[in-house]
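The values are calculated or read from the model by the stated rules, or taken from the named source; none is laboratory data. Treat the numbers as computed from the prediction; the structure is a model and nothing was measured. Cβ placement follows ideal geometry from the backbone for every residue including glycine, while neighbour counts extend to all protein chains displayed. Heavy atoms of the whole protein, side chains included, go into the accessibility calculation; ligands, DNA and RNA do not. Shrake-Rupley method; radii C 1.70, N 1.55, O 1.52, S 1.80 Å.
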Amino acid sequence: MSVALWIQTACAWEALADKVGNVSRHYDFEDVTVVDFVLSGAAIAPVLAEVRSYGVGRAVCEAVRATRQVCASNTNLGILLLLTPLAWTVDRHSLARLLQACDVAESRWIVQAIREAKPGGLGQVDAQDVREEPTVPLVELMRLAPSHDRIARQYATAFAEVFEEVVPDLRERLDHGIEPAVQYAQLRQLARHGDSLIARKRGLAESEEVRRRAAEVLGDPEAWPGRRAEFDAWLRAEGHARNPGTTADLLAAGLYVLLARGEITPAHPWRGVPKNASPIG
């Protein structure tokens, strides 16, 4: 198996899975479709497979440019920021060393990638704003992000939440199949953290409401799928304003880790239980 295949598989699985509030094989947004996400995964896979030649920052930037060749929207900046170091190594000690070695030049590549991807809801910060040239190494740059930014936090913690939360959450339901495992892990993550894309766009109070509602769904397996459908509709209201996009990015990273470690393969069953069965019961 190859890094490129694992990346493409992880991205496709995450995009296609029927998750609350996200684009999936059942739901498109007005400005982006599930096809855009699948094509984006195919476009970035060969770039990230060469991360050791590019370096982390340049690989992210080149992958943003590859994405623009197949999709007009920013489909995957968060995924790129997570998958690029993981494409280098999924050994946590090696990953920590890699991130600590990312100097100011790497920060500049990352900032350039963010500018070219044009993600929504960035706002402005007092120090090292992406509109300015960075002057600090990459891990330090990420530590300056708001405390609720979970993707930046992975850089500051050697991907602690990916390895210690997301991967175990996915692993807990893998015997149900890939899609139920992704559905379960998404709800677990939302119930713990809310979502930092929602926090960035709608405020911390709204992210906390996401956390509360996800916990309610998880706490009542007997009411599945009714409670989940209500939660999904609320997230999709107002033009998909509460898209839990950061959580989706973290799920893709967790799937990649499981693939790279050989715990699953691209042939793992998509669904191992009846379609309407609850993955949370």
Computed FRET value (nearest 0.05) for Arg212 with Ala277, which takes r as the C-beta separation and R₀ as 25 Å: 0.50
Contour minus Cα-Cα distance for Trp270 and Ala101 (0.36 nm per residue): 57.0 nm
The stretch 154-281, accessible surface, carbon-and-sulfur percent (1.4 angstrom probe): 48 percent
Top of Thr75, Thr89, Thr246 by mean-square fluctuation, Gaussian network on the chain, Cα under 10 Å: Thr89
Solvent-accessible area of Ser196 with every protein chain in place, 1.4 Å probe, in Å² to the nearest 10: 10 Å²
Accessible-area value, His193, 1.4 Å probe, nucleic acids and ligands omitted, Å²: 60 Å²
List Leu16, Leu141, Leu251, ordered by accessible area with a 1.4 Å probe, largest first: Leu16, Leu141, Leu251
Sequence of Leu170, Leu39 from largest to smallest accessible area, 1.4 Å probe: Leu39, Leu170
The chain: angle of helix 3-16 to the longest principal axis, Cα-based, in degrees nearest 10: 40 degrees
Relative contact order of the stretch 151-281, defined on C-alpha pairs under 8 angstrom at six or more residues apart (%): 34 percent
Extended-chain gain in nm, criterion 0.36 nm per residue less alpha-carbon gap, His26 and Glu230: 71.8 nm
Highest-MSF residue in the chain out of Gln183, Gln154, Gln100 [GNM, Cα springs under 10 Å]: Gln100
Backbone HN-Hα couplings from phi across the stretch 34-50 [Karplus 6.51/-1.76/1.60, Hz, Gly and Pro as x]: 5, 4, 4, 5, 5, 5, 4, x, 5, 5, 7, 4, x, 5, 5, 5, 9
Over the chain: Rg over Rh, Cα atoms, Kirkwood Rh: 0.94
Three-way shape call for the stretch 158-281 based on the alpha-carbon gyration tensor, with the a/c threshold at 1.5: oblate
